[in-house]
Amino acid sequence: MKRLSFTAALLIPSVAVAHPGHVADQGQFLHGLAHPVGGADHLLAMVALGLLAVQLGGRAIWALPVTFVAAMVAGGAMGAAGTGFPAVEPMILASVVIFGVLVAMAARLPLAVLVPMVAVFGAAHGWAHGAEGPGSGLALYAAGFALATMALHLAGIAFGRLLSRGLELRVLGGGASLAGLALAFGG
C-alpha cells in the first residue's frame, strides 16, 4: 500500500513542477488519460472493439481503432464546443452491446459497413468526453483521452490474440454485451 501511495504522489501534477503555470495543463492531460477508464461503458466498448478488430484480422486490426479514435477526437471537439448530439448516452451503451454481440457471433461484416458504424460510436464517446472536459487545457485533455482509448483498444487486441480467436473470445464478447445491457437497464 505504501508503494501505491508513493507512486500516486509522484503522479500528482503539483508535486514536481519545473515551470510555473503548467500545473493545470499537466492535470488536464492526466484527467483526459483517466476519463476513458473511469466508466464501465467506455472501458467495455474500447476493449470490445479491440476484440472485434483482432477477430476480423487484416486491415481491421488498425482500421477500427484508428477510425474510432479519430472520430472520438472530432466528437470531443463537438462536445467541448457545446454542439448537440442526440441520444449520446444510448449510443454509447449501444456501442458496448453491438461490439460485444459482433464478437460473440463472430460476425464478419465488411469494413465498408463497420468503419462508418465505428465512427458514429467513436463520435458519441468523444462527445461525452468533450462535454465533460475542462474549459482550458483541452488539447492536452484530448491527447490524454485519445492515448488511453488507444491503450484500451490495444488491450482488447492483446486479449484477442492471447485467446487465439476461439470460443473464449466469443464468450468475452458475449460478456461485454451482457454488461452493456446491464448498464442500459440497470441504472
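The values are calculated or read from the model by the stated rules, or taken from the named source; none is laboratory data. These numbers were taken from a predicted model, which means no experiment stands behind them. Every residue, glycine among them, receives a Cβ derived from its backbone with ideal geometry; neighbour counts consider all protein chains shown.
Worth a mention:
- The C-beta contact set for region 121-149 (first residue touching a residue at least 40 places away in the same chain (Cβ under 8 Å), second residue assigned to a loop (DSSP other than H, G, I, E, B) and β-branched (Val, Ile, Thr), distance under 8 angstrom, 6+ apart or interchain) comprises Trp127/Thr83.
- Flag for Val66 being crowded, with 18+ Cβ neighbours inside 10 Å, assigned to a helix (DSSP H, G or I) and either modelled with pLDDT of 95 or more or out of contact with any Leu (no Cβ under 9 Å at 6 or more places or on another chain) (or both): no
- Ile61 vs. criteria surrounded by 18 or more Cβ atoms within 10 Å (Cβ to Cβ), over 14 Å from the mean Cα position of the chain (by Cα), modelled with pLDDT of 95 or more and under 14 Å from Gly156 (Cβ atoms): yes
- Residue match in region 83-94 (condition: small (Gly, Ala, Ser), within 19 Å of Val37 (Cβ to Cβ) and within 16 Å of the chain's Cα centre (by Cα)): no
- Single match in Leu169, Leu109, Leu140 (criterion: surrounded by fewer than 17 Cβ atoms within 10 Å (Cβ to Cβ) and on the phi < 0 side of the Ramachandran plot): Leu109
- Residue within region 72-92 that is within 17 Å of Leu152 (Cα to Cα) and either surrounded by fewer than 19 Cβ atoms within 10 Å (Cβ to Cβ) or modelled with pLDDT under 90 (or both) present: no
- Hits in region 114-144 (condition: aliphatic (A, V, I, L, M) and closer than 17 Å to Leu33 by Cβ): Ala128, Leu138, Ala139, Leu140, Ala142, Ala143
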